[in-house]
Amino acid sequence: MIELQNVSKKFGKKKVLSNLNCQLEKGVYGLLGPNGTGKTTLMRCMTNLYQDWSGDIRIDGKSIRKRNSQTIGYLPQNFGMFHELSVEETLQYMCNLKKISRKYRKDEIERCLQLVYLESEKRTQIKKLSGGMLRRVGIAQSLLGNPDILLFDEPTAGLDPEERAHFKEILLQFGKRETVVVSTHIIEDVEATCSSIIIMKNGTIQMIGTCDEIKEAAGKTKLKPTLENGYLAIIRS
């Protein structure tokens with residue numbers, strides 16, 4: 001479980017996150033909101049990439065400031081690695097950063113490559129991959145070490161329809177036993193995979209609810225109560 005307790009973040013004098021409070025249990029959460037509302041900033045705080053935020057973020061009761069980062073898998077919006085490395089070398093490097101034992105690295109890399117259908121490309125240099133393949137390497141590295149928490153920032157950007165469908169299967173699989181947060185603008189992905197939705201606006205959490213609850217909220221407006229219009233209605237309120 002992830003707990004946000006009065007989480008705030010500033011860049012200079014600009015407050016990007018403002019007193020966020022929520023609890024996220026196991027399952028897949030869609031993180032929605034307009035550009036610039038703080039979604040990526042929130043994910044970077046949750047991974048402790050930003051450390052100058054205030055409040056507390058706790059995983060299973062323990063502050064992330066005191067936890068091993070290996071328990072969190074993160075796919076940033078712009079994933080890039082050293083272009084001269086192969087896919088396999090890239091994942092070995094990520095295993096080293098995550099402090100995964102050398103004894104298990106080979107099997108762990110094979111497992112994650114199989115999940116994203118990239119076993120045949122493990123010796124291909126990063127610079128020779130298509131955009132979709134590079135995104136799949138990013139997904140694979142986030143899964144290394146079986147983290148308790150998975151954070152995906154625009155994970156399906158650049159994936160073709162077949163790859164997107166497979167990624168949805170991965171989300172559903174991991175959502176059964178872990179907490180997964182997915183920031184995306186693709187409403188169809190949210191409807192297909194997310195058990196709950198977090199709607200953000202101007203650095204605050206406007207609403208957390210199921211797809212049905214979001215649709216019900218939309219039905220109280222003059223907009224047609226689809227999930228997409230419900231999302232737009234709430235962030236414009």
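The values are calculated or read from the model by the stated rules, or taken from the named source; none is laboratory data. In this text, all values refer to a predicted model and were calculated from it rather than measured experimentally. Please note: Cβ atoms are built from the backbone with ideal geometry, for glycine as well, and neighbour counts cover all protein chains shown. These accessible areas exclude ligands, DNA and RNA; they are computed on the full protein's heavy atoms, side chains included. Shrake-Rupley method; radii C 1.70, N 1.55, O 1.52, S 1.80 Å.
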(request) Considering every residue within the range 179-201, establish whether at least one is more than 17 Å from LEU31 (Cα to Cα) and at pLDDT below 90. (result) no
(message) If I filter the range 116-151 down to residues being of a type in the set (Val, Ile, Thr) and part of a loop (DSSP other than H, G, I, E, B), which single residue comes out as least open to solvent (accessible area, probe 1.4 Å)?
(response) VAL116
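Of all residues in the range 35-60, which are loosely packed, with under 15 Cβ neighbours inside 10 Å and under 23 Å from GLU191 (Cβ atoms)? Explain how you work it out, then say what you get.
Taking the range 35-60 first, the residues loosely packed, with under 15 Cβ neighbours inside 10 Å are 35-36, 49, 51-52, 54, 56, 60.
Of everything in the range 35-60, just one residue is loosely packed, with under 15 Cβ neighbours inside 10 Å and under 23 Å from GLU191 (Cβ atoms), namely ASN35.
Looking only at the range 199-213, count how many residues are open to solvent by 10 Å² or more (accessible area, probe 1.4 Å) and either in contact with a helix residue (DSSP H, G or I) (Cβ under 8 Å, 6 or more places away or on another chain) or not polar (S, T, N, Q) (or both).
Taking the range 199-213 first, the residues open to solvent by 10 Å² or more (accessible area, probe 1.4 Å) are 201-202, 204-208, 210-213.
Filter once more, keeping what is either in contact with a helix residue (DSSP H, G or I) (Cβ under 8 Å, 6 or more places away or on another chain) or not polar (S, T, N, Q) (or both): 201, 205-208, 211-213.
Of the residues in the range 199-213, 8 are open to solvent by 10 Å² or more (accessible area, probe 1.4 Å) and either in contact with a helix residue (DSSP H, G or I) (Cβ under 8 Å, 6 or more places away or on another chain) or not polar (S, T, N, Q) (or both).
Sort out which residues of the range 10-47 are part of a strand (DSSP E or B), touching a residue at least 60 places away in the same chain (Cβ under 8 Å) and not hydrophobic (A, V, I, L, M, F, W, C), and write them in order of number. Break it down into steps so the answer makes sense when it comes.
Going residue by residue through the range 10-47, those that are part of a strand (DSSP E or B) are 10-11, 14-24, 27-32.
Imposing the further condition that a residue be touching a residue at least 60 places away in the same chain (Cβ under 8 Å) reduces the set to 15-22, 24, 27-32.
Within the range 10-47, LYS15, SER18, ASN19, ASN21, GLY27, TYR29, GLY30 qualify.
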